[in-house]
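Peer 1: One structure, as structure tokens, below. Some questions next.
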Amino acid sequence: MATNELKKRGPIYTKGKKIKLCEFYHEGIEDLRIVKEDDWYSIVGVIDHEGIRSKRRYEKIPAEIISKKNLKKSLKAELDGFIPKEVPLNFEPKQTEYKAKDFHKTKNTDKGGAIFGDDDRYLFNDRSFPWRTTGLIRTANGFCSGTTIGSRHVLTASHCVDWDRNSNGEVGWITFTPGYFDGIAPWGEIAATRVLSWIEAPGSLTDQQTAFDYVVLILEEPIGDIVGYPGYRTYSSNWNGGTFWQYIGYPGELSGGQKPAFQGDCVVSSVSSHNQSGQQGFVMGHFNEFTPGQSGGCLWGWWDGEPWPRVVGVGSTIGSTTVQTPSNTTNGDNEYGGGDALSALISWARDNY
């Protein structure tokens, strides 16, 4: 952003904590320096004959499975979100160059997930609230989607985590890049330092596992104080069939996970409940578009008079890999995970971290 534009903006409040704009491992780079060109700053250096050696800040991180003994009666079914001062608010994100259905007309490609009729998603690049709260999750296994859900808290799917634990019980590295778009990371890539979950979800899920297929990542930096975060509320089956919801994620088949996609007027068609650790989790069946890479993204809705949406579910399971017509049953549907257990996990994470 140009210097004169920055001067017009009010302060960004971080609750007294510094935020790192950039961090990288630089073995193999010498003579590092910052170069200013017009209103842009670049970090330049000399690469030796072996090239840049990459290294993760945390190759392995602790993972905590929550159980009955961890829980308190004070866990809340809903909590408010946070929007930073002087950040613009938009109900829908600004669309980029094309819609998903136009992409499918020109690309003979396996979509890898379930598309129902016309693909209603579109790609976006929007730094207003709440779209800046969504971002790219990177792990040792690949990429997924995620959303801030507190100051240092990010919500994503359990099956996105590399659950190959080492001898200390630690799992694979995870990072979160809010607002990521086509190689640009407006607020940097932040490392997770801990994972909180109900279960270790594998790649292929049963309904029992889908109902608890979500984790809260604890980040190294309080990036939620900068980009903001939505609130959350426990889903009610009374909302089934309503076009209340929005879903955001990074689909692999549209942009290789490089650009986020938005879909509005989403519908949850069915709900089934399952129990784990004294908690009730939901399998939320739907016939909205859902393809690989969008796992871990949040399903949220807006309530009258509130400046933030509230998360009610997390993208989990793909029903099939075809373009089809909704069956009005649970056959072939896609699925979110949610329920009381989702709210309890978020509440517990906020209380304890």
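Peer 1: Kindly indicate whether Thr193 is of a type outside the set (A, V, I, L, M, F, W, C), assigned to a loop (DSSP other than H, G, I, E, B) and surrounded by fewer than 18 Cβ atoms within 10 Å (Cβ to Cβ). Break it down into steps so the answer makes sense when it comes.
Peer 2: Working: of a type outside the set (A, V, I, L, M, F, W, C): yes; assigned to a loop (DSSP other than H, G, I, E, B): no; surrounded by fewer than 18 Cβ atoms within 10 Å (Cβ to Cβ): yes.
In short, no.
Peer 1: Going through segment 75-102 one residue at a time, which ones are modelled with pLDDT of 70 or more, open to solvent by 50 Å² or more (accessible area, probe 1.4 Å) and out of contact with any strand residue (DSSP E or B) (no Cβ under 8 Å at 6 or more places or on another chain)?
Peer 2: Lys76, Lys85, Glu86, Phe91
Peer 1: Only one of (1) more than 27 Å from Ile174 (Cβ to Cβ); (2) at pLDDT 85 or above; (3) open to solvent by less than 50 Å² (accessible area, probe 1.4 Å) fails for Ser320. Which number is that?
Peer 2: Against the list (1) more than 27 Å from Ile174 (Cβ to Cβ); (2) at pLDDT 85 or above; (3) open to solvent by less than 50 Å² (accessible area, probe 1.4 Å), Ser320 comes up short only on (2).
Peer 1: Counting only residues that are more than 13 Å from the chain's Cα centre (by Cα) and part of a loop (DSSP other than H, G, I, E, B), which one in segment 214-230 is farthest from Thr193 (Cα to Cα)?
Peer 2: Gly228
Results for (1) crowded, with 21+ Cβ neighbours inside 10 Å; (2) at pLDDT 95 or above, shown as yes or no for each residue.
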position: Ile174; (1), (2): yes, yes
position: Ala185; (1), (2): no, no
position: Glu189; (1), (2): no, no
position: Ala201; (1), (2): yes, no
position: Ser204; (1), (2): no, no
position: Asp225; (1), (2): yes, yes
position: Tyr229; (1), (2): yes, yes
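Peer 1: Which residue, of Ser255, Ser237, is more than 24 Å from Asp340 (Cβ to Cβ) and among the polar types (S, T, N, Q)? Can you show your working first?
Peer 2: Working: Ser237 fails: more than 24 Å from Asp340 (Cβ to Cβ).
Of the residues listed, the single one that is more than 24 Å from Asp340 (Cβ to Cβ) and among the polar types (S, T, N, Q) is Ser255.
Peer 1: Hand me the list of strands (runs of 3 or more DSSP E) wholly inside segment 231-298 holding 1 or more residues that are surrounded by 20 or more Cβ atoms within 10 Å (Cβ to Cβ) and modelled with pLDDT under 90. Walk me through it before giving the result.
Peer 2: Working: elements: 231-233, 245-249, 261-266, 268-276, 279-286.
Qualifying strands (runs of 3 or more DSSP E): 279-286.
Peer 1: What's the total number of residues in segment 103-158 that are β-branched (Val, Ile, Thr), modelled with pLDDT under 65 and crowded, with 23+ Cβ neighbours inside 10 Å?
Peer 2: Matching residues across segment 103-158 total 1.
Peer 1: Picking from Ile190, Ile174, which residue would you name as being under 30 Å from Val271 (Cβ atoms), of a type in the set (Val, Ile, Thr) and within 18 Å of the chain's Cα centre (by Cα)?
Peer 2: Numbers: Ile190 fails: under 30 Å from Val271 (Cβ atoms).
After ruling out the rest, the residue left standing is Ile174.
Peer 1: Another one. How many residues are touching a residue at least 40 places away in the same chain (Cβ under 8 Å), among the charged types (D, E, K, R) and under 22 Å from Pro251 (Cα atoms) if we restrict to segment 145-179?
Peer 2: We begin by selecting, within segment 145-179, every residue touching a residue at least 40 places away in the same chain (Cβ under 8 Å); these are 145-161, 163, 165-166, 168-174, 176-179.
Then drop every residue that is not among the charged types (D, E, K, R), which leaves 152, 165, 170.
Filter again for under 22 Å from Pro251 (Cα atoms), leaving none.
So the count comes out to 0.
Peer 1: Related question: Can you name the condition, by its number, that Glu221 falls short on among (1) surrounded by 18 or more Cβ atoms within 10 Å (Cβ to Cβ); (2) under 20 Å from Gly301 (Cβ atoms); (3) in contact with a strand residue (DSSP E or B) (Cβ under 6 Å, 6 or more places away or on another chain)?
Peer 2: Of everything listed in (1) surrounded by 18 or more Cβ atoms within 10 Å (Cβ to Cβ); (2) under 20 Å from Gly301 (Cβ atoms); (3) in contact with a strand residue (DSSP E or B) (Cβ under 6 Å, 6 or more places away or on another chain), Glu221 misses just condition (2).
The values are calculated or read from the model by the stated rules, or taken from the named source; none is laboratory data. Just so it is clear, the model here is predicted, and its values are computed rather than measured. A quick note on method: Cβ atoms are made from the backbone with ideal geometry, for glycine too, and the neighbour counts reach across all protein chains shown. Each accessible area value is taken on the protein alone, full model and side chains, heavy atoms only, with ligands, DNA and RNA left out. Shrake-Rupley method; radii C 1.70, N 1.55, O 1.52, S 1.80 Å.
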